[in-house]
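Asker: Structure incoming, see below.
The values are calculated or read from the model by the stated rules, or taken from the named source; none is laboratory data. Remember, it's a predicted structure, so these values are computed and weren't measured experimentally. With ideal geometry, Cβ positions are generated from the backbone for all residues, glycine too; neighbour counts draw on all protein chains shown.
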Amino acid sequence: MRIAVLADIHGNLTALNAALDDARANGAERFILAGDYIFDLPWSNEVTETVRGLENAVAVQGNKEGYLPGFLAQDRDEWVYDQFGPMYQTVRELKPENAGYLLSLPQSAAAALPSGRTVYVTHWFPGFLSGGKTEAISSRLFREASQNPAFGRRAFLRRIDDFLQKSYVTETLSGVDAGAVVFGHTHLQWHGLCGDKLVLNPGSCGQALDGVNGAAYTLLTDTPDGLQAEERRVPYDVEAVIQEAKQSEVYRRGRVWAELIFAAMRSGFDTFAPFFALAEKLANERGQSGVPYSNEVWNLAAHEAGYG
């Protein structure tokens, strides 16, 4: 049996469809989805409906879905921060049945396979940060490391192997009774072994940040000899998606954040960390606290960074 493992779609319907088409063409019969279906690009309803319609699927919430209760409970007269413009508009547009589905998803789940093996899926393990951030779980550090020509895929995989042997990682996963562990959140695609557990991050289907464009997902094969992972990257027309997104109300309500997303989609690298560092610096200079940033700081940062 083959299982398509996806995460971090972020409203990118074109990327999701590309990944699903590729998965089905390669024999996928089941689907595992590790969260973050909505926000950023303007097709959150369509992405949610596609996920809802998948047969033989196990899906969990991501941190983006975790924001929904707060936004839904807020007085919309308080929706005044430009920083959150795309999120405000996404919530305005989200159909009640789609919001209800996303809110109903669990934080974690176990998918039982015909072989008797189990795949545990969640969006993120907070325990992975116990030893600080590394290139294995930080798109910012991955981008910084990639500026060194000596840092390639082999070097990255060595960092993954080192990460999976850390005591705080083995302790985090020790209580998980499963042959494979799936998580997302970092937008970095990789897999490796932690003891006898296969650990994999399928990368971001809708917003890859590991230097390779395309819709990332992982094809997991349940064989008599064990679970095997094949990382897939499906090309799609990024520029066409960006141009279509620019016609949306989500873009008009949050152009700066959208342009950050577009820059990340084009480059395949994290554009957010340097921008937020600049915004934090500007806020501190004005005696202001951090997130949410005032509209003054947010838009000044956008102007200085070339997104204004």
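Asker: Among the residues of segment 258-273, count how many are over 13 Å from residue 209 (Cβ atoms) and either of a type in the set (Val, Ile, Thr) or surrounded by fewer than 18 Cβ atoms within 10 Å (Cβ to Cβ) (or both).
Answerer: 0
Asker: Now, a different point. Please pick out the residue among 244, 239, 259, 230 that is assigned by TED's automatic domain parsing to the domain that holds residue 199 and either over 21 Å from residue 22 (Cβ atoms) or charged (D, E, K, R) (or both).
Answerer: Sole residue among the options that is assigned by TED's automatic domain parsing to the domain that holds residue 199 and either over 21 Å from residue 22 (Cβ atoms) or charged (D, E, K, R) (or both): 230.
Asker: May I ask you to list pairs of residues, at least six apart or on different chains, whose Cβ atoms are under 8 Å apart, with the first in segment 4-22 being in the same structural domain as residue 60 (by TED's automatic domain parsing) and within 20 Å of residue 64 (Cα to Cα) and the second being assigned to a helix (DSSP H, G or I) and of a type in the set (Asp, Glu)?
Answerer: Note: pairs meeting the criteria are 13/46.
Asker: Kindly indicate the residue of segment 74-101 that is in a helix (DSSP H, G or I) and among the polar types (S, T, N, Q) and also farthest from residue 272 (Cα to Cα) among those meeting that condition.
Answerer: Taking the candidates together, the pick is 98.
Asker: Another question, if that's okay. Is it fair to say residue 184 is buried (at least 19 other Cβ atoms within 10 Å of the Cβ), touching a residue at least 40 places away in the same chain (Cβ under 8 Å) and not aromatic (Phe, Trp, Tyr)?
Answerer: yes
Asker: Select from segment 272-301 the residues that are of a type in the set (Val, Ile, Thr) and modelled with pLDDT of 95 or more and list them in ascending order.
Answerer: 297
Asker: Then there is this: Hey, any hits in segment 217-234 for a residue that's buried (at least 19 other Cβ atoms within 10 Å of the Cβ), closer than 30 Å to residue 177 by Cβ and of a type in the set (Asp, Glu)?
Answerer: Yes, the conditions are met somewhere in segment 217-234.
Asker: Against the conditions (1) surrounded by fewer than 23 Cβ atoms within 10 Å (Cβ to Cβ); (2) in contact with a helix residue (DSSP H, G or I) (Cβ under 6 Å, 6 or more places away or on another chain); (3) in a loop (DSSP other than H, G, I, E, B), where does residue 14 fall short? Just the number, please.
Answerer: (3)
Asker: If residue 201 satisfies every condition in (1) part of a strand (DSSP E or B); (2) more than 17 Å from the chain's Cα centre (by Cα) but one, which is the exception?
Answerer: Only one criterion is unmet by residue 201, namely (2).
So that you can scan it fast, the table gives a plain yes or no per residue for (1) more than 25 Å from residue 190 (Cα to Cα); (2) touching a residue at least 12 places away in the same chain (Cβ under 8 Å):
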{"site": "211", "(1), (2)": "no, yes"}
{"site": "231", "(1), (2)": "no, yes"}
{"site": "253", "(1), (2)": "yes, yes"}
{"site": "277", "(1), (2)": "yes, no"}
{"site": "290", "(1), (2)": "yes, no"}
{"site": "303", "(1), (2)": "yes, no"}
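Asker: Let me ask you something else. Inspect segment 94-102 for any residue being under 18 Å from the mean Cα position of the chain (by Cα), more than 30 Å from residue 299 (Cα to Cα) and modelled with pLDDT of 95 or more and give the result as yes or no.
Answerer: Yes, there is a match, as at least one residue in segment 94-102 is under 18 Å from the mean Cα position of the chain (by Cα), more than 30 Å from residue 299 (Cα to Cα) and modelled with pLDDT of 95 or more.
Asker: Would you mind stating whether residue 210 is assigned by TED's automatic domain parsing to the domain that holds residue 125, out of contact with any strand residue (DSSP E or B) (no Cβ under 9 Å at 6 or more places or on another chain) and among the acidic types (Asp, Glu)?
Answerer: So residue 210 fails the test.
Asker: So residue 69 clears everything in (1) modelled with pLDDT under 95; (2) over 18 Å from residue 181 (Cβ atoms); (3) not aromatic (Phe, Trp, Tyr) except one condition, right? Which one?
Answerer: Checking residue 69 against (1) modelled with pLDDT under 95; (2) over 18 Å from residue 181 (Cβ atoms); (3) not aromatic (Phe, Trp, Tyr), the one that fails is (1).
Asker: While we're here: Quick one: is residue 29 acidic (Asp, Glu), assigned by TED's automatic domain parsing to the domain that holds residue 184, at pLDDT 95 or above and within 30 Å of residue 112 (Cβ to Cβ)?
Answerer: Taking the combined requirement at face value, the residue satisfies it.
Asker: Pairs please, first residue from segment 120-139 and within 16 Å of residue 200 (Cβ to Cβ) and in the same structural domain as residue 168 (by TED's automatic domain parsing), second anywhere and assigned to a helix (DSSP H, G or I) and at pLDDT 95 or above, Cβ atoms under 6 Å, 6+ apart in sequence or on different chains.
Answerer: Hits for this filter: 125/172; 136/159; 136/160; 136/163; 137/128.
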